[in-house]
Amino acid sequence: MPQRIDQLQSDASADLSAVATPEQLEAFRIKYLGTKGALKSLMSLLKEVPKDQKREFGQRANALRQQMQESFEQKKQSLGGDAKPQAASKPLLDVTEPGAPPKLGRQHIITQTVDELIEVFGRMGFDAVTGPEVEDEHHNFVALNIPQQHPARDPLDNFYLTDPDGDNPLLMRSQTSTVQIRVMENTKPPIRIVSTGRVYRPDEHDATHYSMFHQIEGLYVDRKVSMTDLKTTLMQFAHAYWGKDADVKLVPSYFPFTEPSAELYVKMDLGKGVDWMEVGGCGMVDPAVFEAVGYDPEEWTGFAFGLGIERLAMRKYDIRDIRWLFENDVRFLRQF
Ligand code: DAH
């Protein structure tokens, strides 16, 4: 009988040292420590042990059980915990648990605004076109009736790319009105277009100015276009884009490429109370501009406008500082 105990002890310790996975450890537990395991059958031999040896056998068997239990626990720790089959333990994956929503990016609010503006003007019959950001003086100034001495042409107020005193120098466009010229140079009237894109001016940055911003330019050329058409178009746009309750007004102004000219204002709060904010210029296309592109000013009439897209969006979304749009802080951008 004592040999049975010795045998079991050496078998068990050999088996246990070969265990390398929780599954193997579980098989070990069933084989030796389980309800039908080797220890149990060893104990059941006790009744066959001669009376005078019972006491010693019992003590040795108990000692073996304790020792096996301890080695088992140690092994369990070293394998990283419970060796019970998965079904009996906490599920590793609860497939009914709602997943973590994937973080989606989104379009920048200015991109979204450009799309919406094109859509709104599209409904009014305007086609969307684009033009280059690097322009020549002819399209940025000359054809727009802006004379050489005009302050808008001051090299300090523009980003010139080539010598400003050279022949038709290049610059980053300061306005999208350049696209009016490009379209009229290549198209016969009637024309009804809008053009969106970036413009560049070395302005000092503040809550409403930035050295790069976006404009939407509109141009409508046909016979007998009137100032009433211009005003109706801009007011309809303003109320379609901002809502019926938006407070807007046109104020007489001056631009070399329109006559008469006006500026569009909208009431909004920039943090210092509600006040009028200028959002762009407009007017009836000056006959000198028609002549520059080869249209007969006696036959054709038209209106044009150029609006600052950032300011349009600022009024719509109550954004009180243009600089926030370009800081790329996702906590701000995520709101739109
Ligand atoms: N280009 C002007 C600016 O950037 C805005 C403007 C005014 C555009 C009158 C126009 C216009 O088309 O007719 O300040």
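The set of residues in region 114-130 that are surrounded by fewer than 18 Cβ atoms within 10 Å (Cβ to Cβ), hydrophobic (A, V, I, L, M, F, W, C) and part of a helix (DSSP H, G or I) comprises I118, V120. Note on region 290-301: among residues that are within 16 Å of the ligand (Cβ to nearest atom) and part of a loop (DSSP other than H, G, I, E, B), the one that is nearest to D222 (Cα to Cα) is W300. Within the set T162, T178, T196, the sole residue that is among the hydroxyl-bearing types (S, T, Y), part of a loop (DSSP other than H, G, I, E, B) and surrounded by 13 or more Cβ atoms within 10 Å (Cβ to Cβ) turns out to be T162.
Which residue is farthest from the chain's Cα centre (by Cα), if the candidates are limited to region 258-289 and must be assigned to a helix (DSSP H, G or I) and aliphatic (A, V, I, L, M)?
From region 258-289, those assigned to a helix (DSSP H, G or I) are 287-289; that's our starting set.
Adding the requirement that they be aliphatic (A, V, I, L, M) leaves 288-289.
On the way: A288: 44, V289: 40 Å.
Filtering first and then ranking leaves A288.
Here the condition is being under 27 Å from I322 (Cα atoms), at pLDDT 95 or above, among the small types (G, A, S) and within 16 Å of the ligand (Cβ to nearest atom); of S177, S226, it holds for S177 alone.
Taken over region 199-223, the criterion of being surrounded by fewer than 20 Cβ atoms within 10 Å (Cβ to Cβ) and either within 12 Å of the ligand (Cβ to nearest atom) or part of a strand (DSSP E or B) (or both) is satisfied by Y200, R201, D203, D206, H209, M212, D222.
Against the test of being within 12 Å of the ligand (Cβ to nearest atom), under 21 Å from L219 (Cα atoms) and not aliphatic (A, V, I, L, M), the options N186, N145 yield a single qualifying residue, N145.
Restricting the first member to region 303-318 and to residues that are farther than 15 Å from E116 by Cβ and within 12 Å of the ligand (Cβ to nearest atom), and the second to residues that are in a helix (DSSP H, G or I) and of a type in the set (D, E), the beta-carbon pairs closer than 9 Å and six or more apart or on different chains are F303/D229.
Those helices (runs of 4 or more DSSP H) of region 1-48 in which 2 or more residues are in contact (Cβ under 8 Å) with a residue 60 or more places away in the chain occupy 22-28.
Selection within region 29-49: residues that are among the charged types (D, E, K, R) and either at pLDDT below 90 or surrounded by fewer than 16 Cβ atoms within 10 Å (Cβ to Cβ) (or both). The member of this set that is farthest from the chain's Cα centre (by Cα) is E48.
The values are calculated or read from the model by the stated rules, or taken from the named source; none is laboratory data. Nothing here was measured: the structure is a model prediction, and the numbers come from that model. Cβ: placed from backbone, ideal geometry, glycine included. Neighbour counts: every protein chain shown.
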